[in-house]
Structures are given as C-alpha cells and as structure tokens.
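A.B. asks: After the structure tokens below, expect a handful of questions from me.
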Amino acid sequence: MNYYLGIDIGGTNVEFGILDESFEFIYKNAIKTESILNAEHLSDEIYKICSENFKEKIQGIGIGAPSLNYMTGNIENAPNLNWGETIPICEIFEKKFKVKTKAINDASAAALGELNYGENKNIQNFAIVTLGTGVGIGLVINGKIVHGKNGLGGEFGHVIINRNSNRECNCGNYGCLETYLGKNGILTTVKQEMEFSSGTSLLHKIVPSEISPKDVFKFARKEDPVALSIVEKLSDDLGYALSFLGNTLDLECVILSGGISKEGNFLKKKTLKYFNQYLMPNLQQKIDIKVSELNEINGGIIGAVSLVKD
Ligand SMILES: [Zn+2]
C-alpha cells in the first residue's frame, strides 16, 4: 500500500493528513497557523508529528496553499500569511521529506477533491468557493482546473463588490469580497450591526472579542433580529459575487466549502435566493448552489494528494 501526505494551509489552521491510495484518511491533524514562524518551521513540525505517529514510508506530498503560483510552486504575497513574500513551499517540503512534492492554490485543491472523491465526481463545469479566513475559488471548466496565465487564478476573494467601501483588504485594495465574507470581514459587519442595535440581541450576551461567525448563525437560527440581519447581508453579498460567475460562465453548479459553508442549508437557501435575483432572467433557477459534502473530511487535502498520487 502507498501512502501520501496532504496539507491544506489556511490563514487560521494548517490541516494535514496521511491518505492511502483510495483517498481514505489514515491519520489527520492540524496546527494553528499563528504558531508557525515560516514554511521551514511548518515542514519541521509536520515532519516531527508524522514520524511520531506514522511509521510507513510516505510516497509523495500534495499541498494546497493560498496565493500559490501553480507554475512555480511558490506562495507569492499571500495576504493572510506572514511567512515572507515568495515562499518556495514545494522545495522546502521536498528537502525535508525527500519525496516528490506538488502544490496548488488551496481552492483549486478543494476543486480537485470534488473531482476525485464524492458525489460531484461527474460534474465538468463548476466553481468551488472556499470560505475561511480568506475567500478563494477553484474553477473547473470541461473537467479541467483553470490556473490562468500566471498560475495565480483563484483570487475570487479580491473581486471588489463595493467600490465605495472603506473596508481595506489585506491585499491593499478596498471593498474586496473577502472584507465582507472572510472571517474578519464578517466580524466587522457584526461590530457595525451591534452598534446600531438596541442592545437586546443575544450577541450582546457574549464578550465582543469572543463572538464568532458560528455564534451569529446559531442566533440567526433562533431568529435573533441582529444576527438574522447579518446573515441576510452576507448571503446577499455572496449571492451577488456568485452571480458574476453564473452570468459569465453558465456553470452547472457552485459548491460552497469550508468555514461558514458548514452552516449548510441555512446559508445555502438564503444565498440561492439572492443569487437568483442577480442572475440574468434566462439563467435564474438553472444554476444550483451546493454545500460541499467533503467539508468534514477536508476535500482540499484529498485534492492536494491527487496531484502526486498518479
Ligand atoms: Zn483584496
């Protein structure tokens, strides 16, 4: 049996796992991104944890990372990582583990996960939107991932959805989708909405610095008006941004993955309502929004491993 290491580098957590040839997880773990100083430190930590917990030889490593240039295998100017401007992530892991290593944009890794595993295997034209600290997109057209000329495709989080916004993005622009739908963007909206509320919201019962997007959804389900208004706003923004894709590409579906997509049908239904409003009339009700079935097992890790498996 051959075993492969898959790594999903995110702005909050680095999740990794060892998979067998059937893409089944043999081992899984995660490290807080803020505890990692740089990519060399990450490779040392993962090497240590893997060798303590897994004795078989690993045949290859696949990595999904933000702002990853597919042409060079380097992470370039990632807005949500402080590990340097150009990070030769493949080279660093290859040197440490002495096995073949390949890397891809994290959202494209999630798209490869859908193409290789689970119920969406047969869909040929779709976009998967990763919602987390940042927001990304993996685009599959005619069964192939779109990398773009410079290998930098996938920065959907930096589509500007509000040209008059005063929300500055980590990329340097203002009003990017990520400043509304990324984790910190959602928390900015929470702060603004709470300032204008009467103080009766369930959200006021939590210490402000400890409120998470999960709390907002929990209270919205209980019909707390402030929490509901925040969820409506973010579903509206997401539906609006997705309509650019729908109108341009006439996709079979859009898959939501990671972070707030774990809120499932509650988010999906609201987003679908706005998405259809913004689609041109002859596309309305024709493009489905799905929630990734691979959310719990991390499709990004599976997708990253598929890069080195064959
Ligand atoms: Zn941006």
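A.B. asks: Within a Cβ distance under 9 Å of THR12, other residues only, what is the Lys/Arg minus Asp/Glu net charge? Walk me through the numbers on the way to the answer.
C.D. replies: Working: positive: LYS32, LYS183; negative: GLU34.
Combined, the nearby Lys, Arg, Asp and Glu give +1.
A.B. asks: So what does log10 I(q)/I(0) come out to for segment 44-130 at q = 0.26 Å⁻¹, using the Debye formula with one equal point on every Cα and no solvent?
C.D. replies: Normalising to I(0) and taking log10 leaves -1.22.
A.B. asks: Here's something else I'd like to know. Answer with one residue from LEU272, LEU307, THR248: the one whose Cα lies farthest towards the positive end of the charge dipole of segment 248-310, charges on Cβ with Lys, Arg +1 and Asp, Glu -1.
C.D. replies: Highest projection toward the positive end goes to LEU272.
A.B. asks: For segment 174-235, which trypsin sites (Lys or Arg not before Pro) are in a loop by DSSP, counting at most 13 other Cβ atoms within 10 Å?
C.D. replies: On the way: sites: LYS183, LYS191, LYS205, LYS214, LYS218, ARG221, LYS222, LYS233; in loops: LYS222.
Sparse-neighbourhood loop trypsin sites (Lys or Arg not before Pro): LYS222.
A.B. asks: Please give the direction-averaged projected area of the C-alpha convex hull for the chain, in square nanometres with one decimal.
C.D. replies: Numbers: hull surface 65.0 nm².
With every direction weighted equally, the projected area is 16.2 nm².
A.B. asks: Next question, about the same structure. Once both axes come from the Cα atoms, what is the angle between helix 39-53 and the longest principal axis of the chain, in degrees from 0 to 90, rounded to 10?
C.D. replies: Approximately 70 degrees, to the nearest 10.
A.B. asks: Considering all alpha-carbon pairs of segment 11-71, what whole percent are spaced by more than 13 angstrom? Walk me through the intermediate numbers first.
C.D. replies: Working: 1249 of 1830 pairs.
Tail fraction, whole percent: 68.
A.B. asks: Quick check on my link table: of LYS32/LYS100; LYS149/LYS183; LYS55/LYS96, which ones sit more than 19 Å apart, alpha carbon to alpha carbon? All intermediate terms of the calculation are to be shown ahead of the outcome.
C.D. replies: Numbers: LYS32/LYS100 25 Å; LYS149/LYS183 29 Å; LYS55/LYS96 16 Å.
Listed pairs above 19 Å: LYS32/LYS100; LYS149/LYS183.
A.B. asks: Full extension from ASN265 to SER212: what is 0.36 nm times the residue separation minus their Cα-Cα distance, to one decimal in nm? Could you put the intermediate results ahead of the total?
C.D. replies: Numbers: separation 53, 0.36 × 53 = 19.08 nm, distance 1.91 nm.
Additional length available on full extension: 17.2 nm.
A.B. asks: Please find the FRET efficiency linking LYS98 to ASN142, where r is the Cβ-Cβ separation and R0 is fixed at 51 Å, and quote it to the nearest 0.05.
C.D. replies: Values: r = 36 Å, r/R0 = 0.71.
Given R0 = 51 Å and the Cβ-Cβ separation, E is 0.90.
A.B. asks: State the percent of C-alpha pairs, over all pairs in segment 155-215, separated by a distance greater than 13 angstrom. Write down the numbers at each step before the final one.
C.D. replies: Numbers: 1130 of 1830 pairs.
For segment 155-215, the fraction of Cα-Cα distances above 13 Å is 62 percent.
A.B. asks: Express in % the proportion of alpha carbon pairs of segment 140-249 at distances exceeding 24 Å. Display every interim value, and only then the final one.
C.D. replies: On the way: 2142 of 5995 pairs.
For segment 140-249, the share of Cα pairs beyond 24 Å comes to 36 percent.
A.B. asks: Sticking with this structure for a sec: Given a 10 angstrom Cα cut-off, can you work out which residue in TYR174, TYR27, TYR240 is the most mobile in a GNM of the chain?
C.D. replies: Highest fluctuation among the options: TYR27.
A.B. asks: If the elastic network links every pair of Cα atoms under 10 Å, which of THR271, THR248, THR12 fluctuates the most in the Gaussian network model of the chain?
C.D. replies: THR248
A.B. asks: Then there's this: List the trypsin sites (Lys or Arg not before Pro) within segment 66-148 that DSSP assigns to loop and that have no more than 16 neighbouring Cβ atoms inside 10 Å. Each step should come with its number before you reach the end.
C.D. replies: On the way: sites: LYS95, LYS96, LYS98, LYS100, LYS102, LYS121, LYS144; in loops: LYS98, LYS121.
Counting only loop positions with at most 16 other Cβ atoms within 10 Å, the trypsin sites (Lys or Arg not before Pro) in segment 66-148 are LYS98, LYS121.
A.B. asks: So if I take the centroid of the Cα atoms in segment 165-214 and the same for segment 28-93, what is the distance between those two points in Å?
C.D. replies: 30
A.B. asks: How far is helix 299-309 tilted off the main Cα axis of the chain, in degrees rounded to 10, range 0 to 90?
C.D. replies: Once rounded, the angle reads 30 degrees.
A.B. asks: Calculated from DSSP H runs of 4 or more alone, at -39500 (n - 2.57) each and per residue, what is the 222 nm mean residue ellipticity of the chain, nearest 500?
C.D. replies: Values: 9 runs with 111 residues, N = 310.
Calculated from helices alone, the mean residue ellipticity at 222 nm is -11000 deg cm²/dmol.
A.B. asks: In degrees from 0 to 90, rounded to the nearest 10, what is the angle of the helix 183-195 Cα long axis to the longest principal axis of the chain?
C.D. replies: With rounding to tens, the tilt is 20 degrees.
Quick note: the coordinates plus some simple rules give every number you see, no bench work behind them. Computed from a predicted model, the values in this text were never measured in an experiment. Note that we place each Cβ from the backbone using ideal geometry, even for glycine, and neighbour counts take in every protein chain shown.
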